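No value in this document is a laboratory result; all are computed from the given coordinates. On a predicted model such as this, the values are computed, not experimentally measured, just so you know. Positions of Cβ are backbone-derived with ideal geometry, glycine not excepted, and every protein chain shown enters the neighbour counts.
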Amino acid sequence: MSDATIPTAEAAGGEPIGPERTALADEAAGLDAADPLRAKRAAFTLDDTVYLDGNSLGALPRAVPPRLADVVAREWGELRIRSWEESGWWTAPERIGDRVARLIGAGPGQVVVGDSTSVNVFKAVVAAVRIAQQRGAHRDQILVDEATFPTDGYIAESAARMTGCTVLPVAAGDVPAAVGARTAVVLVNHVDYRTGRLHDLPGTTAAVHAAGALVVWDLCHSAGALPVGLDAHGVDLAVGCTYKYLNGGPGAPAYLYVARAHQPRFDSPLPGWNSHADPFGMASAYTPAGGAVRGRVGTPDILSMLALEAALEVWDDVPIEDVRAKSLALTDFFLRCVERYVPAGRVRSITPTAHAERGSQVALRCAAAGEAGEPGGAGVTAEAGGAGEVMTELVRRGVVGDFRRPDVLRFGFTPLYTGFAEVERAARVLADVLREG
């Protein structure tokens, strides 16, 4: 169904046959009953809304409010400055980094939590260029996934200006053919934020290394949704946010992975007192600390940092392989329900059908009313009754996804709290909205 009109079982866009809906609803109930992760839903604050936007902002884990209340009232309110040592504030970036590391396939001591994804992309790309140029000054190109989230592209351009490089946009799948002797660094998204396409991390990393370059992976749409395997695949550096599938909360701190082998040569473009070998010595000259601490800059944002730590507790007994299996089952079932329910020609999936190429979201191009022959046409806008209006109506009816201009409906599936009955309901409501025009 990838990039093709989804067929339908109904005749001429009419109401789906009742037994068909009943069969899918019954199947959903059976899948939910057999789900090994079903008990995890109780760990989150949820209501009757079908929440399929966890790829933008994860739901609130119930452990977070009481933890934050204690941090504010006791650790800040009573212990005050003593909490930097007595409550472990100072070591939080590395301690929480090790929690994230388990979910992205990294050993301890290689992940530090702090700053935003954008800041960490900048640190990673510039440091990677500096490492690559130690191998040869001729390395003056930064290859960037041409479909990347815009900020990654902006940051790459800035890093290029700082390091005397040029930026070369290429399709993620073309990186192995494009990387060469002049390549210093390749910056790639593991999962495309628009389409949900999962890119080949092992193969791309191997090709980049064969050319003598380094790779930086953006894991924003994969961490917490599928196995990543940073250590196993020899990744150099990686960054990611924690407010999507990791449920850290709005603006939660991001993280930076620096492979152990590169840590002695990691030269951050943002050296701060928190990454100094002797931070309280207040020396005028900068001497970097060892290990992942080099990725720190300034004082950690403790409130959001400790909210994230509480949120990550939900993962303590969860195998990431189980999360991946359910993610694929959810997206398969959603696509099947859409195929059965939605009027002919109104949507087409731009998310790959192959499991090896799919993240944990489904993106549907949505034709405006009257444009069923050409779903996703250039004229489809929110104002013209296209995807934007459809998503607005879906939200009004209790199904929350999101809209990407000009014509894409995105639905993110968070296996820890999304159920199959919700998936069936979302497809059914989508069909109703589209049928009503």
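Give me the extension gain from Arg435 to Glu20: residue separation times 0.36 nm, minus the current Cα-Cα distance, reported in nm with one decimal.
147.7 nm
Could you tell me what % of all Cα pairs in region 165-280 have separations over 26 Å?
Summing the P(r) of region 165-280 above 26 Å gives 25 percent of all pairs.
Using Cα positions and a limit of under 30 Å, work out the lysines in reach of Lys123, with same-chain residues fewer than 8 apart set aside.
Lys244
Enumerate the calculated ³J(HN,Hα) couplings along region 228-241 in order (Karplus 6.51 cos²θ - 1.76 cosθ + 1.60, θ = phi - 60°), each rounded to whole Hz, writing x wherever the residue is Gly or Pro.
So the J values, rounded to whole Hz, are 10, x, 4, 5, 4, 9, x, 5, 7, 9, 8, 9, x, 9.
Can you tell me how region 215-269 classifies by the Cα gyration tensor, rounded, prolate or oblate, using a/c under 1.5 as the rounded cut?
Because a/c hits 1.5 or more and a/b fails to exceed b/c, region 215-269 counts as oblate.
Is the shape of region 260-306 rounded, prolate or oblate, going by the alpha carbon gyration tensor and its root eigenvalues a ≥ b ≥ c, with a/c under 1.5 for rounded and a/b larger than b/c for prolate? Let's see the in-between values first.
Working: a/c = 2.14, a/b = 1.18, b/c = 1.81.
Since a/c reaches 1.5 but b/c is at least a/b, the shape of region 260-306 is classed as oblate.
For region 107-202, what does the alpha-carbon gyration tensor say about shape, rounded, prolate or oblate, given a ≥ b ≥ c as the root eigenvalues, a/c under 1.5 as rounded, and a/b over b/c as prolate?
Note, shape of region 107-202 comes out rounded.
Summing Lys, Arg as +1 and Asp, Glu as -1, what charge do residues with Cβ under 13 Å from the Cβ of Leu31 carry, Leu31 excluded?
The answer is -4.
Report the extension gain between Ala285 and Val318 in nm, rounded to one decimal, defined as 0.36 nm multiplied by the number of residues separating them, less their alpha carbon distance.
Extending this stretch completely gives an extra 7.4 nm.
Consider a paramagnetic label point 7 Å from the Cα of Leu46 along Cα→Cβ; state which residues of region 405-420 have an amide N under 20 Å from it.
410-420, by backbone N distance to the label point.
Which part of region 35-60 falls in the paramagnetic zone of Arg397, meaning amide N under 16 Å from the point 7 Å along Cα-to-beta-carbon?
What the label zone holds, given the 16 Å backbone N cut-off, is 49-52.
Within region 324-364, name every residue whose backbone N is under 13 Å away from a label modeled 7 Å from Cα of Arg404 along the Cβ vector.
Answer for region 324-364: 350-352, 359-364.
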